[in-house]
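To start, the structure itself, in structure tokens.
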Amino acid sequence: MTFRIADTFSDALTKLSGQEQRAAKTAAFDAQMNPDNPGLQMHRVDRAKDPHFWTARVNRDVRLVLHKKDGATLLAWVGHHDDAYRWAERRRIDVHPRTGAAQIVEIRETVEDVIIQRYVEEAVKKPRLFADEDDDTLLSWGVPEDWIETVRDATEDTVLDIASHLPAEAGEALLQAATGERPAPAPHAEDPYEHPDAVRRFRLTTTEADLAAALEAPWERWAVWLHPAQKEFVDRDFNGPARVIGSAGTGKTVVALHRAARLAREDAEARILLTTFNRRLADGLSAKLPMLLPDTAVRDRVTTRALGELAHDFYVEAFGPVEEAASDDVAKALADAAAAAEVSVDPGFLQDEWRLVVDAWAVADRDAYRDLPRLGRLTRMAASRRDALWDVFSDARAALEGQGKRTRAQMLHALAVHYRAGARRPFTHAVVDEAQDISVPELHFLSAIAGDLPNGLFFAGDIGQRIFRAPFPWKAAGVDVRGRSRSLKVNYRTSQQIRIQSDRLLPPSLTEADGNEDRRTGVVSLFDGPAPEIAEFPDADAEIKAVAGWLAGLAHEGFTEREVALLVRSEDELPRAKAVRDTFRSLSGLNEGPEVRVMHDAKGSEYRAVAVMACDEDVIPKEDRLLEARDEAMIEEIMATERHLLYVATTRARERLWVSGAGRVSEFLEDLV
């Protein structure tokens, strides 16, 4: 007997309370280990169109839905008694006639009274998106035969609803086509459950340990599943540096992971760097990689490290021990050099000029500094002023070198020169996640180790989530992705409602420093959900009580602590967030509470529900940052970065989102409404 778990079961399991989930898992074990256990109280679903659907008792009110045929059992769904029977009555398990993939198909007639008439009425008013597609094309996308005419009538207003009723791979293909990309025809498979689409939807469990792993990780599966709209970017070969971009939730990290895994599987001699800009995000990539590369020998071909830490180790290996100059060391060296040269200059400006121009671009001498375009800077500077400042930078650099210290940028540039001079390069490929926040020296380093190799460099990122680095033109740093940059347009993580309102924080098009444009229109989400709740309160106490009440409501619905996050702008707002958690514990009677994080630290994370609070007028945008701005151009850059930061925070939510402030609230909240 074979026993499989469908993704529909995993999704339904997360909707139950914690106690119900535990009982459902126990029943699932019983169904696999002893399907004849009388405690399961198996009943055939008599009104189901598919005669192989059965229910099994979990407790007084909850039922498993199983599909049993020819010695194979599929754990298909779980929910409350009446809901479970309705779910089974409206579905069938089929093998698609064209692709050969096993599918869970919603029976068209069971939803006709509810939706089909509306589809037909709206099709009269709006152009039909797929009117010119023949049956063979729609079948090649995985559309069931009885849904072809409904799909052909889809308009821009109805395509999302229709897609939600189709098997997942067919729905994804429709949304891909609706956003202007041509879906690749699905391959045919002899074994319905070995088809690539079915492998993503149904998990075979042969032992109790397999079942335990599947039941414990319904949420984590979103982190590594590759969808058809993403596969092109994994499999395609590029003759130069390439990049995939997309808004939050479109699966850029999934593409990066699968790209690294594909390169590792293809070449036993490959040495792949899977990297990003900080340790926490790199650790997240490392934790996911075993799910794609279970074979240790293959996985060992991939090194997963943060770029800065990796560069420090390589520098020591190539040049000997070194002490990294901290920001305070640099600030002191610059201040001392300015005082000695009797140059009057704002310390903040001096440090920014060092960090963004002199150190970032490895400016070697006075002439180079005088002639260099001030890439990454938004203000002009006369040549005479540059001459006056060069002595300060030169003396500060010499002082640091005299102390045996090097900045991280100096290490990265030294390594780039080292590898370009002929030293053995440590990697044959580099795959970079969250590439929008990569620095100039890091890009120089990557270009030196793999920029000229086949499939050498691959980047995944989103300009709209740039929150740590100033913008700069990549081509000037030796990496040109023009003609090899692609956009993802289907959002798999965030509900349509959360995505639409979060997108209001950003313009419909973002332009990079080198002129490349990221058009953010045409993105669609795969599922609907409740509208985000945006609220203003007269004071912090009122906000604390309201947020705690919202969280208590989620707990009552079955949301667990690890599925919920409470985000604030900075450490200054953490006491308010912790007060919410304390109040939540009092209201709910639970000992734990949601995870509390500052927005920057939430980058790369995702939750079923997120509360973004303390969005006050002087909090986001951060008043201290605005006061430090020295000109209008810098104010514009700060405002853009703060918008990006709030966008990052709101798009961590999958199903539920709360955003609030107290007193005079942030101007950004007006954009969300």
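Quick note: the coordinates plus some simple rules give every number you see, no bench work behind them. All values derive from a computational prediction rather than experimental measurement. Counting neighbours? That spans all protein chains shown, and the Cβs are built from the backbone with ideal geometry, glycine included.
Observations on the model:
- The long axis of helix 168-178 is offset from the longest Cα principal axis of the chain by roughly 50 degrees.
- Relative contact order for region 414-505, counting Cα pairs under 8 Å that sit 6 or more residues apart, in percent: 28 percent
- Calculated FRET value between residue 387 and residue 279, using beta carbons and R₀ = 41 Å, to 0.05: 0.55
- The HN-Hα couplings worked out from phi for region 655-669 by the Karplus form 6.51 cos²θ - 1.76 cosθ + 1.60 (θ = phi - 60°) are 10, 10, 9, 10, 9, 8, x, 10, x, 7, 8, 4, 5, 5, 5 Hz, whole numbers, x standing for Gly and Pro.
- Amide H contacts of residue 617 (H built 1.01 Å from N, under 5 Å, at least 5 apart or other chain): 664, 665, 666
- Scaling against 2.2 N^0.38 Å puts the C-alpha radius of gyration of region 530-672 at 1.03.
- FRET efficiency, residue 335 to residue 421 (Cβ-Cβ, R0 41 Å, nearest 0.05): 0.70
- ³J(HN,Hα), Karplus 6.51/-1.76/1.60, whole Hz, each residue of region 254-262, x for Gly, Pro: 4, 4, 4, 4, 5, 4, 4, 5, 4
- Ranked by how many other beta carbons lie within 10 Å on average, peptides 474-481, 171-178, 12-19 from highest: 171-178, 474-481, 12-19
- Principal-axis tilt of helix 574-588 within the chain, Cα atoms, nearest 10 degrees: 20 degrees
- Seen against the Cα atoms of the chain and their longest principal axis, helix 307-319 is set at about 50 degrees.
- Eligible lysines near residue 126 by straight Cα distance, threshold 25 Å, same-chain separation 8 or greater: 489
- Prolate/oblate/rounded label for region 238-284 (Cα gyration tensor, a/c 1.5): oblate
- Short-range pairs are left out: with C-alpha atoms under 8 Å and at least six residues apart, the relative contact order of the chain is 12 percent.
- A protection proxy built from the mean count of other Cβ atoms within 10 Å ranks the segments 132-140, 562-570, most packed first, as 562-570, 132-140.
- Dividing the summed -39500 (n - 2.57) terms of all DSSP H runs of n ≥ 4 by the residue count of the chain sets its mean residue ellipticity at 222 nm at -12500 deg cm²/dmol.
- 10 Å-binned pair-distance histogram of the chain (Cα, whole percent): 3, 13, 22, 24, 20, 11, 5, 2, 0, 0
- Here r is the Cβ-Cβ distance between residue 2 and residue 541 and R0 is 56 Å; the resulting FRET efficiency, rounded to 0.05, is 0.45.
- Annotation: amide H of residue 430 within the under-5 Å range of 273, 457, 458, sequence separation 5 or more or interchain, hydrogens built in the peptide plane.
- With 23 Å as the limit on Cα-Cα distance, the pairs of 475/622; 405/622; 231/288; 545/603; 475/603; 578/603 that go past it are 475/622; 405/622; 545/603; 475/603.
- The string of couplings for region 611-628 from the Karplus curve (6.51, -1.76, 1.60, θ = phi - 60°) is 10, 9, 10, 6, 7, 8, 4, 9, 9, 9, x, 5, 4, 4, 5, 5, 5, 7 Hz, one whole number per residue in order, with x for Gly and Pro.
- Paramagnetic reach from residue 319 in region 410-428 [backbone N under 18 Å; point 7 Å along Cα→Cβ]: 410-426
- Ordering of 240-249, 303-312 by burial proxy (mean other Cβ atoms within 10 Å per residue, highest first): 240-249, 303-312
- Here's the list of lysines a cross-link from residue 49 could span, going by alpha-carbon distance under 25 Å and ignoring same-chain residues fewer than 8 apart: 68, 69.
- Separation in nanometres of the label points that stand 7 Å from Cα toward Cβ, at residue 68 and residue 533: 4.3 nm
- Here region 326-406 is treated as an ellipsoid with the same Cα gyration tensor; its semi-axes, largest first and in whole Å, are 19, 14, 12.
- Computed over region 530-672: relative contact order in percent, which uses C-alpha pairs under 8 Å that are six or more apart: 37 percent
- Listed by chain and number, the aspartates and glutamates whose C-alpha is less than 16 Å from the C-alpha of residue 25, apart from same-chain residues fewer than 8 away, are 7, 11, 61, 208, 210, 216.
- If you take the Cα centroid of region 477-516 and the Cα centroid of region 1-50, the two points sit 40 Å apart.
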